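Some notes on the structure that comes next.
The values are calculated or read from the model by the stated rules, or taken from the named source; none is laboratory data. Just so we're clear, the structure is a prediction, and the values are computed from it rather than from any experiment. Glycine also receives a Cβ, built like all others from the backbone with ideal geometry; neighbour counts cover every protein chain displayed. Only protein heavy atoms, including side chains, enter the accessible area calculation; ligands, DNA and RNA are left aside. Shrake-Rupley method; radii C 1.70, N 1.55, O 1.52, S 1.80 Å.
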Amino acid sequence: MQYGPAVRRRKLGAELRELRARAGLTSGQAAACVGWHQSKVSRIETGSSGVKPRDVGLLLDAYGVEDPELRELLLVLAGSEDGDGRQNWWHAYRGMLPPAYRDFISLESQASGMRTLETSVVPGLLQTPDYARAVTRAAVGTLEDTQLDALVEVRLARQEVLRADPPLRLNAVLDEAVLRREVGGPRTMTRQLKRLLDAARLPHVRLQVLPFAAGAHIGITGPFVIFSFPSRSDLDVVVLDHLTSSLYLERKEDLQAYCEAFDTLRIHALSPEDSLDYIAALAGDA
């Protein structure tokens, strides 16, 4: 049985492999410490097999890992309950969410930071209910109303990460097309722009507008998300969305390339202050 989405399994396995190596143990020695077969440790480390949170705890004890933040992160990656003892909230929607979306939500809920380039729509974490409904209906137009309602609920529930303690640090670059594209009608769009203004005033949210005047730019090939995690930068991951699936990039070379691309986009975008003025003018608040 597998105990978690593929991306989390790979991330967890790679981290456990590195911790074992730091402890100076072979996979066979690690297995002997916890009373397993060596093949089980190998399957966990390659991400081909999931691992229960309690088994992760056994491995961390065997490796002498005492850092509480790192232990908590790895236990959550293994599917542990959150700090309040509650199961991850999206489990209630498991039957209707594809695995790639569950992967995305689980990473988003555990990340400490998120950098995103959006070229078409407002980031899901900043969408109003009406805007989220219009976007979801356009993307999956064959859904019944009850299914549509559930997907909108999921999108809005995701926004709790911005109100958590500590909150997710959101750094977003929005192509001007995101603000100009009328989604859901004029009233919905005006409310959405005002929601962006409110969000941009939060200390952990940074919004920048990439104007049309910037011309062709490094992000013209499409949107992307970079998730960052506490304690370990090598757990970071890039997510590229497609119509029917998502691509997760975890190699250090890919991460570096996208981090550099995001830094370049921020340079060419309006400053956060000028971006606020620009959004306010579109919203009629200038």
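So the values come out like this:
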| item | result |
| --- | --- |
| Euclidean distance between Cα centres, region 247-267 to region 163-192, Å | 22 Å |
| Relative contact order (%) - criterion: Cα under 8 Å, at least six apart; region: the chain | 18 percent |
| Paramagnetic reach from MET96 (point 7 Å along Cα→Cβ, amide N under 12 Å) across region 147-171 | 147-155 |
| Carbon plus sulfur fraction of accessible area for region 71-225, probe 1.4 Å, in percent | 51 percent |
| At 1.567 mPa s and 4 °C, Stokes D of the chain from Kirkwood alpha-carbon radius, µm² per second | 63 µm²/s |
| Hull shadow area, averaged, region 119-169 [alpha-carbon convex hull, nm²] | 3.8 nm² |
| Sites LEU156 and GLU182 - FRET efficiency at Förster radius 22 Å, r taken between beta-carbons, to 0.05 | 0.55 |
| Lys pairs under 28 Å by Cα in the chain, provided they are eight or more residues apart or on distinct chains | 6 |
| Contour minus Cα-Cα distance for ARG22 and GLN38 (0.36 nm per residue) | 4.0 nm |
| Distance between modelled label sites at GLN29 and ALA280, nm, 7 Å Cα→Cβ extension | 6.2 nm |
| C-alpha long axis of helix 186-200 to longest principal axis of the chain, angle in ° | 50 degrees |
| Average Cα contact separation per residue, region 18-144, under 8 Å, 6 or more apart, as relative contact order % | 14 percent |
| Simple spin-label estimate for GLN147 and SER120 in nanometres, 7 Å along Cα-Cβ | 1.9 nm |
| Segments 179-187, 192-200 sorted - mean Cβ within 10 Å per residue, highest first | 192-200, 179-187 |
| Angle between the chain longest axis and helix 272-283 axis [Cα atoms, degrees, rounded to 10] | 50 degrees |
| Cα-based shape type of region 183-232, given that a ≥ b ≥ c are square roots of the gyration tensor eigenvalues and the cut on a/c is 1.5 | oblate |
| Charge dipole (the chain, unit charges on Cβ, about Cα centre) - positive-most of LEU235, PHE224, VAL173 | LEU235 |
| Region 90-175, relative contact order in percent, only Cα pairs under 8 angstrom and at least six apart counted | 45 percent |
| Gained length - SER48 relative to ARG137, 0.36 nm times residue gap less alpha-carbon distance | 28.5 nm |
| Distance histogram in 10 Å bins (all Cα pairs of region 166-275, percent per bin) | 12, 38, 39, 10, 1 |
| Average silhouette area of region 65-176, convex hull of alpha-carbon atoms, in square nanometres | 8.1 nm² |
